[in-house]
Amino acid sequence: MSEIREVPLKPAFNQSRQAREAEVMLNHIVDDFIDNPAAMTYFYDLFRHAFIEGKALDREGPGIGTTCIQVPEELIYAAGGTPVRLCNGAYHYDQVGADFMPAKSCSLVKATLGRLHSEKAVPDVGKLELIVNPTTCDQKKKAAQMMEGMGYQVYDLDLPSAKDNEAAREYWRRVVKQLAARLQKVTGKKLTRQRLREAMAKTSRAQAAFRTLHNFRRKAPSLILGKDVFLVTNAYFFDDIERWSAAVEALNAELAQREAEAFSAVQKKAPRIVFTGSPPIFPNIKLPLLIEEAGGVVVADETCSANRMLYDMTAVDEWLLSHMIESIADKYLKPCTCPIFTRNDDRIRRLLDLVSTFNADGVVYQSFAGCQVYEMEQRSVAEALNKAGIPMLYIETDYSPDDMGQLSTRVEAFLESIKTRKRQARA
Amino acid sequence: MSKLRDAVNNVDLKRFRFWFQLAAFVLFVYGGYLAINLGNSLPMFSCGYIRDGRAGVCYLLPLQHQLARPWPQLFSYAGVAVLTGFAIFALWFIVLNKGWCGFVCPLGTLQDWLTSLRQKLGIRQSGYTHEQFRRLTWIKYVLLALLLLIPLGIGGGLWSHEVGAPFCQICPGRMVLPLFVGDFSQWTIDFSSPGKIVLTALGMGITGLFIVGAFVKKRFFCFFCPMSALHYLLSKPALLRLRKDGSKCTRCGDCYTACDMEIREIADDVTRKEIMTDDCTLCLKCVAACPEKGALKVDFANITFFESTEEGFIKRMNKGIRK
Ligand code: SF4
Ligand code: SF4
Ligand code: SF4
Ligand code: SF4
Ligand code: SF4
């Protein structure tokens, strides 16, 4: 007699709501466009594995979660850990996280909390030994205790909010040194000069690859679409850094070839857009996607899920441990254009420079509903751009797909107005 | 042409400076033995007390002697000597601007060597706080004023002649640089008069401070150097210039990290185009440490010959990382 065992019926992961959401977005990113670079396959597959099939990502060393770009990853690597950026872009987790935050809160924070609260959440990066939470916006600040309530170890990384101040530099350097001490406790490994050097080499390779990619986007007509670049930089959140760098280098090689062949990924007159504001994080690549489906191209960005995370590089004068840590600390504070700082002339200057050096025609400014800091900076940024004669579209949105139709109308109208302007300018 | 420009922008500045400074040091400390003589109006501390070896003399020495002439002479024929000396000094200076400090001055080079020694020993650097910096940065002007007024006072008979070239008595150059030609005679206290006792004793103290200071803090002495103050007063027409394009600057502070003189403006000031400050030594380390193309550049007679580039930055950085 054969034994009949009750097999609990567990739906496959790819049937879940979160997987469906990711799949819909990834299909748009991949299938709505012809001529995707072959080297993008690595990234399409990565997201498919991680988000749709729910596969675990193999990572070395204790996982250290980070919730903002100001956590020095070099220190984590040097202490033998692996950083994982936890900022999340899923509408599904946004809804889960809604229990923790007031109604009118930022989708990103809610989704990040929602993911941490969910079982078997994706991307599956394994156990987190520590979450390092920089004190950036109020919502992220307050999220720390909620994460602790879920059973995580959370470390508040006290980011000064007036970065121009000399005292802030000094203070931040101290804060970063304290973090280094804590990381060593968590991993049990000593942070030495040699290990920090090796870690910096990793980061610097990744940054060099990113900068090369960034530079290819200066070319007009464009060699690559922004939706792909956002996917690339989003992968940096959780991918193995060496594998990521190699994949970006392969992509760069392909773009070099495209350039040699005078290939063009877009129509010649496609309006060139600089994207700024609240960060697009997979699966919420909604807005960049809408821009490019409407015939525009995102040529550069000023967001913390891409440029702001990878662009600025560290210089070291004396290769002694304490000075290296100080230089690294400076890199995470001084050039940062995060809107949580008291004043933000740097962000405006960076935007103006991006528009001019990337030959952009306009700026799209995304603000997640409930993100006060981006909402508050909108006015000054709009004024500065206006003064420079650069059109800007301000869009307030969240992770829900409900406003897609309305957004696409606005985006199309904006791109149309840019085209008209250009035509008039030529006439 | 563009290949050449890339090669210059990718230069390993650290290495280039090391060899350039070494060559300049040898020239100015030992060139005299080869009968090289570049006059006595040099805009840096090629010390006059290096008797035979020197290939030219630090302008501060003759300047103090000239100003100490009795006033009737000073305001007649001796005045001509003062003016020609000054004119030659200014001509030398105008070519390199403060580049004399970053690349040529033996006393500056010596401080860089002490810094290298410290780095080799793995001892960390010290620096000033912002407040200390602001308070101390005036000292060089005070020294310059004294250096001019004391000799004038001597010439006017206001005080006695015995202090001679007063700044030289307390200048570390006088005691340290002759050592390189085996001359230890400056390491004595001059008991010929009370004034000399005080000044030479002070000089010894300052020399000790110089050695310790330069060991723990990069370019410790340059911060107080009256020559540097004099430079700055004349720097308007100079040909070698450090320029900044604030629109390209991210204020990342990489240049500030590299700056031996802890000049914050180099990173933080995004409005000024002429970014050389009075403490600057035109060592160009900031340009080499800047990752933004064209944010910092060096012009000679308005022609840019070295500028910050991403490629150069990455090359130099990787060299440091992989060492
Ligand atoms: S988008 Fe705004 S509210 Fe949300 S995490 Fe970023 S800064 Fe905070
Ligand atoms: S002692 Fe100093 S000021 Fe006098 S000549 Fe020598 S280096 Fe110049
Ligand atoms: S500032 Fe330094 S380098 Fe320049 S003259 Fe003075 S001692 Fe020499
Ligand atoms: S290194 Fe360059 S970009 Fe950075 S602060 Fe200095 S000048 Fe600006
Ligand atoms: S500002 Fe630049 S050139 Fe001047 S001392 Fe500092 S690093 Fe050297």
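The values are calculated or read from the model by the stated rules, or taken from the named source; none is laboratory data. Everything quoted here is computed from the prediction, not taken from an experiment. Ideal geometry is used to build each Cβ from the backbone, glycine not excepted, and the neighbour counts take in all protein chains shown. Note: areas computed on protein heavy atoms with side chains; ligands, DNA, RNA excluded. Shrake-Rupley method; radii C 1.70, N 1.55, O 1.52, S 1.80 Å.
Out of B:LEU83, B:LEU147, B:LEU110, B:LEU143, one residue alone is part of a helix (DSSP H, G or I), surrounded by fewer than 16 Cβ atoms within 10 Å (Cβ to Cβ) and away from ligand 5 (no atom under 16 Å from the Cβ). It is B:LEU83.
Name every residue in segment A:165-186 that is among the β-branched types (Val, Ile, Thr) and open to solvent by 30 Å² or more (accessible area, probe 1.4 Å), in order of residue number.
If the condition is that a residue be among the β-branched types (Val, Ile, Thr) and open to solvent by 30 Å² or more (accessible area, probe 1.4 Å), then A:VAL186 is the only one that fits.
When B:ASN318 is tested against (1) under 16 Å from B:ALA267 (Cβ atoms); (2) at the interface with chain A (Cβ under 8 Å from one of its Cβ atoms), just one condition goes unmet, and that condition is (1).
Run down B:ALA78, B:ALA68 and say which single residue is free of Cβ contacts under 8 Å to residues at least 60 places away in the same chain and away from ligand 3 (no atom under 15 Å from the Cβ). One residue alone meets the criteria, B:ALA78.
For B:TYR128, the conditions (1) within 14 Å of chain A (Cβ to nearest Cβ); (2) within 17 Å of the chain's Cα centre (by Cα) are fulfilled apart from (2). Is it fair to say A:THR342 is surrounded by fewer than 19 Cβ atoms within 10 Å (Cβ to Cβ) and away from every other protein chain (no Cβ under 14 Å)? Taking the combined requirement at face value, the residue satisfies it. Taking segment A:295-333 as the range and being of a type in the set (Phe, Trp, Tyr), closer than 30 Å to B:LYS120 by Cβ and in contact with a Lys or Arg (Cβ under 8 Å, 6 or more places away or on another chain) as the test, only A:TRP319 passes. Only one of (1) out of contact with any Ser or Thr (no Cβ under 8 Å at 6 or more places or on another chain); (2) of a type in the set (S, T, N, Q); (3) in a loop (DSSP other than H, G, I, E, B) fails for A:GLN95. Which number is that? So A:GLN95 meets the others, but not (3).
When A:TYR374 is tested against (1) closer than 28 Å to A:ALA167 by Cβ; (2) in contact with a strand residue (DSSP E or B) (Cβ under 9 Å, 6 or more places away or on another chain); (3) assigned to a loop (DSSP other than H, G, I, E, B), exactly one condition is not met: (3). Tell me whether segment B:296-307 contains one or more residues that are away from ligand 2 (no atom under 16 Å from the Cβ), at pLDDT 95 or above and within 11 Å of chain A (Cβ to nearest Cβ). The answer is no; no qualifying residue exists. Taking residues in segment B:307-323 that are closer than 20 Å to B:LYS244 by Cα and among the β-branched types (Val, Ile, Thr), and partners anywhere that are open to solvent by 40 Å² or more (accessible area, probe 1.4 Å) and outside any helix (DSSP H, G or I), the pairs with Cβ atoms closer than 8 Å and at least 6 places apart or on different chains are B:THR309/B:LYS293. Looking across segment A:260-278, the residues that are touching a helix residue (DSSP H, G or I) at 6+ places or on another chain (Cβ under 7 Å) and of a type outside the set (Phe, Trp, Tyr) come down to A:LYS269, A:PRO271, A:ILE273, A:VAL274, A:THR276, A:GLY277, A:SER278.
Could you say which residue among B:ARG69, B:ARG54, B:ARG118 is among the charged types (D, E, K, R), in the same structural domain as B:PHE210 (by TED's automatic domain parsing), assigned to a loop (DSSP other than H, G, I, E, B) and away from ligand 2 (no atom under 15 Å from the Cβ)? Steps first, please.
Details: B:ARG54 fails: away from ligand 2 (no atom under 15 Å from the Cβ); B:ARG118 fails: assigned to a loop (DSSP other than H, G, I, E, B).
Of the residues listed, the single one that is among the charged types (D, E, K, R), in the same structural domain as B:PHE210 (by TED's automatic domain parsing), assigned to a loop (DSSP other than H, G, I, E, B) and away from ligand 2 (no atom under 15 Å from the Cβ) is B:ARG69.
Take B:LEU202 and decide whether it is more than 14 Å from chain A (Cβ to nearest Cβ) and within 20 Å of B:ILE275 (Cα to Cα). Answer is no for this residue.
Here B:ASP269, B:ASP245 are screened, and the one residue that is within 12 Å of another protein chain (Cβ to nearest Cβ) and touching a residue at least 40 places away in the same chain (Cβ under 8 Å) is B:ASP245. In segment A:294-306, the qualifying residues are those that are buried (at least 24 other Cβ atoms within 10 Å of the Cβ) and of a type in the set (Gly, Ala, Ser), and the one that is nearest to ligand 1 (Cβ to nearest atom) is A:SER305. Among the conditions (1) within 16 Å of ligand 3 (Cβ to nearest atom); (2) more than 14 Å from chain A (Cβ to nearest Cβ), the only one that B:PHE133 does not satisfy is (2). Residues that are among the aromatic types (Phe, Trp, Tyr) and closer than 18 Å to B:LEU147 by Cα within segment B:172-224 comprise B:PHE221, B:PHE223, B:PHE224, listed in sequence order.
Of all residue pairs spaced 6 or more apart or on separate chains, none has beta-carbon atoms under 7 Å together with a first member in segment B:151-168 that is not assigned by TED's automatic domain parsing to the domain that holds B:SER193 and modelled with pLDDT under 85 and a second member that is within 16 Å of ligand 2 (Cβ to nearest atom) and open to solvent by 20 Å² or more (accessible area, probe 1.4 Å).
Let's see how each residue does on (1) more than 14 Å from every other protein chain (Cβ to nearest Cβ); (2) open to solvent by less than 10 Å² (accessible area, probe 1.4 Å); (3) part of a strand (DSSP E or B):
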position	(1), (2), (3)
A:ARG308	no, no, no
A:TYR332	no, no, no
A:CYS338	no, no, no
A:ARG347	no, yes, no
A:GLN366	yes, yes, yes
A:ARG379	yes, no, no
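Scanning segment A:187-199 for residues that are more than 16 Å from A:TYR236 (Cβ to Cβ) and surrounded by 17 or more Cβ atoms within 10 Å (Cβ to Cβ) yields A:THR187, A:LEU191, A:ARG195, A:LEU196, A:ARG197. When segment B:172-208 is filtered for residues that are surrounded by fewer than 19 Cβ atoms within 10 Å (Cβ to Cβ) and assigned to a loop (DSSP other than H, G, I, E, B), the ones remaining, listed by number, are B:GLY182, B:ASP183, B:PHE184, B:SER185, B:TRP187, B:THR188, B:ILE189, B:ASP190, B:PHE191, B:SER192, B:SER193.
I'd like the full set of residues that are of a type in the set (Gly, Ala, Ser) and buried (at least 17 other Cβ atoms within 10 Å of the Cβ), limited to segment B:7-57.
B:ALA24, B:GLY31, B:GLY32, B:SER41, B:SER46, B:GLY48, B:GLY53, B:ALA55, B:GLY56
When the test is whether a residue is touching a residue at least 40 places away in the same chain (Cβ under 8 Å) and either open to solvent by less than 40 Å² (accessible area, probe 1.4 Å) or among the basic types (Lys, Arg) (or both), A:LEU157 passes it.
Going by the structure shown, is A:LEU407 open to solvent by 10 Å² or more (accessible area, probe 1.4 Å), aliphatic (A, V, I, L, M) and away from chain B (no Cβ under 11 Å)? It is false that A:LEU407 is open to solvent by 10 Å² or more (accessible area, probe 1.4 Å), aliphatic (A, V, I, L, M) and away from chain B (no Cβ under 11 Å).
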